[in-house]
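The values are calculated or read from the model by the stated rules, or taken from the named source; none is laboratory data. Remember, it's a predicted structure, so these values are computed and weren't measured experimentally. Backbone-built Cβ (ideal geometry, glycine too); neighbour counts: all protein chains shown. Calculation scope for accessible area: heavy atoms of the full protein, side chains included, ligands and nucleic acids excluded. Shrake-Rupley method; radii C 1.70, N 1.55, O 1.52, S 1.80 Å.
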Amino acid sequence: DRETLTCAGRTEPSAEVTINGIKVATESGRFSGEVPLPNVGENTVEIVVVSPGKASRRLEIKVRRAESLEPLVRAFAATVDTSLTYEVVNRDPEAQRGKAVRFHGRIVAREAQVGTTLLQVLLDHGCPTASGCSIHVTHRGAVVAELYSFVTVYGLVSGRWEGRSQGGQTLVMPSIEARFIVPDHRGGQK
């Protein structure tokens, strides 16, 4: 629902990259550039990569700009199976793979990678244990919500995620591929 899009990726360190005909800077093979989305509806982003001694590569991406995300979020929310509580999903995330869910909580870890944002969201309700329940969220693109802010995550169950905390503790939690991450400026339970 924005007038610009951040387009980022990786290529060879010596490559030259243009996005919609405009050269963008590369650093160690990573590139990023702001792309205007002038029209509500479908917009085309063209990325061309030229590496010395190799054929150029052209990638065309279609991006749909909405006037407002609210109707799209409402339409996705209508597909959510409300019986898929954290307890049900956590019991066997593989069995729930691909099913639409909604969870609300606070972002307690955030990592931006090229074109993707990873979050750990500590749920604020629906947790069967006193120690708290978290989900691992993958979102293709930037997330406007900040660390420690409350969000509602709408997405599809993508299995189980395993990793380590900063203290070296093993973490295991359901993984959600987000379709929408809606900041909750009011905070608290939802």
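Can you tell me which of Cys133, Cys127 is open to solvent by 20 Å² or more (accessible area, probe 1.4 Å) and either under 28 Å from Ala8 (Cβ atoms) or touching an Asp or Glu at 6+ places or on another chain (Cβ under 9 Å) (or both)?
None of the other options fit; the residue is Cys127.
Could you please give the count of residues in the range 1-50 that are in contact with a strand residue (DSSP E or B) (Cβ under 8 Å, 6 or more places away or on another chain), assigned to a loop (DSSP other than H, G, I, E, B) and of a type outside the set (Asp, Glu)?
11
Residues that are assigned to a strand (DSSP E or B) and under 30 Å from Gly9 (Cβ atoms): does the range 80-100 have at least one?
Just the residues of the range 80-100 that are assigned to a strand (DSSP E or B), to begin with: 100.
From what's left, under 30 Å from Gly9 (Cβ atoms): 100.
Scanning the range 80-100 turns up at least one residue that is assigned to a strand (DSSP E or B) and under 30 Å from Gly9 (Cβ atoms).
Report, by residue number, each residue of the range 136-160 that is open to solvent by 70 Å² or more (accessible area, probe 1.4 Å), assigned to a strand (DSSP E or B) and modelled with pLDDT of 90 or more.
Arg160
Hey, Gly105 hits all of (1) open to solvent by 30 Å² or more (accessible area, probe 1.4 Å); (2) under 26 Å from Phe150 (Cα atoms); (3) not hydrophobic (A, V, I, L, M, F, W, C); (4) not in a loop (DSSP other than H, G, I, E, B) but one; which does it fall short on?
(1)
Applying the selection to the range 142-161, what residues are free of Cβ contacts under 8 Å to residues at least 60 places away in the same chain and either closer than 27 Å to Gly9 by Cβ or touching an Asp or Glu at 6+ places or on another chain (Cβ under 7 Å) (or both)?
Once the filter is applied, which keeps residues that are free of Cβ contacts under 8 Å to residues at least 60 places away in the same chain and either closer than 27 Å to Gly9 by Cβ or touching an Asp or Glu at 6+ places or on another chain (Cβ under 7 Å) (or both), the range 142-161 yields Val143, Val144, Ala145, Glu146, Leu147, Phe150, Val151, Thr152, Val153, Gly155, Leu156, Trp161.
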